[in-house]
Amino acid sequence: MTTATPTLSTVRRQAVDDTLARIRALAAGEPDRAGLAAIAAELARLAERKDLFPRADFPPPAASEGVGASTRYRLNPQDGSQGLALYLNSINPGKTTLPHNHDSWAVIVAVEGREENRVYRRTDDGSDPTHARLELVREATVQPGTSIEFLAQDLHSIHVVGDQPTLHFHLYGKPLEQHTGRIGVRLESGEVVNYNATQFEPSKDVA
């Protein structure tokens, strides 16, 4: 009797599910920075299996969509609005974002491509919900072999550099659609905006 060879999507689904099962154990409660580093290490092992995430299955936005266009693929849609949400982001070079928080912890790990992260801290006292003053703390480029992690109120912006679209895992403690408390800050004016209401675009589910 011949056993059917599993399809790529089946193997990928199992690898994603196994990785998330290990991460759930690490993320019990609210992980601190050490816990996020351990989660990033698990996700980095999945990122090493590049054969599971071919460009044919996760294409970048068409050139006609413009510089910095992005597509976000939800890799565990079966989990719905509860618990962890793992996305695979494909972003064309030139993409930038406002400095923003996540309203949840976050881990970013690269499969392909380079994403510069600028990390900020607030220098005001937070008493005015409509304005903020930010100071650049550091810059870090997420690329294969390098990850970055954030607690819920950490602030960063992304800047996709180089000539290759990204293919990066973005993992959150809850789905982005649930991040209703996120803020973005316009650096020029200090204006605080609701990030999801003004910047968020829907994801594509991957079965």
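Here are a few things to note about the model shown:
- Residue count, segment 166-207 (criterion: under 17 Å from Thr130 (Cα atoms), among the aliphatic types (A, V, I, L, M) and either touching a Gly at 6+ places or on another chain (Cβ under 6 Å) or surrounded by 17 or more Cβ atoms within 10 Å (Cβ to Cβ) (or both)): 4
- Gly66 vs. criteria surrounded by 13 or more Cβ atoms within 10 Å (Cβ to Cβ) and more than 18 Å from Val111 (Cα to Cα): no
- When residues of segment 104-120 are limited to those that are open to solvent by 30 Å² or more (accessible area, probe 1.4 Å) and touching a Leu at 6+ places or on another chain (Cβ under 7 Å), the one nearest to Thr19 (Cα to Cα): Glu112
- Filtered residue count, segment 85-103, keeping only those that are aliphatic (A, V, I, L, M) and open to solvent by 10 Å² or more (accessible area, probe 1.4 Å): 1
- Which numbered condition Leu136 misses (of (1) in a strand (DSSP E or B); (2) surrounded by 16 or more Cβ atoms within 10 Å (Cβ to Cβ)): (2)
- For segment 139-152, a residue qualifies if it is without any contact (Cβ under 8 Å) to a residue 60 or more places away in the chain, hydroxyl-bearing (Ser, Thr, Tyr) and in a strand (DSSP E or B), and exactly one does: Thr141.
- Residue within segment 143-151 that is within 24 Å of Ala34 (Cα to Cα) and open to solvent by less than 30 Å² (accessible area, probe 1.4 Å) present: yes
The values are calculated or read from the model by the stated rules, or taken from the named source; none is laboratory data. For clarity, every value in this text was computed on a predicted model and none was experimentally measured. Note: ideal-geometry Cβ built from the backbone for every residue, glycine included; neighbour counts use all protein chains shown. Note: areas computed on protein heavy atoms with side chains; ligands, DNA, RNA excluded. Shrake-Rupley method; radii C 1.70, N 1.55, O 1.52, S 1.80 Å.
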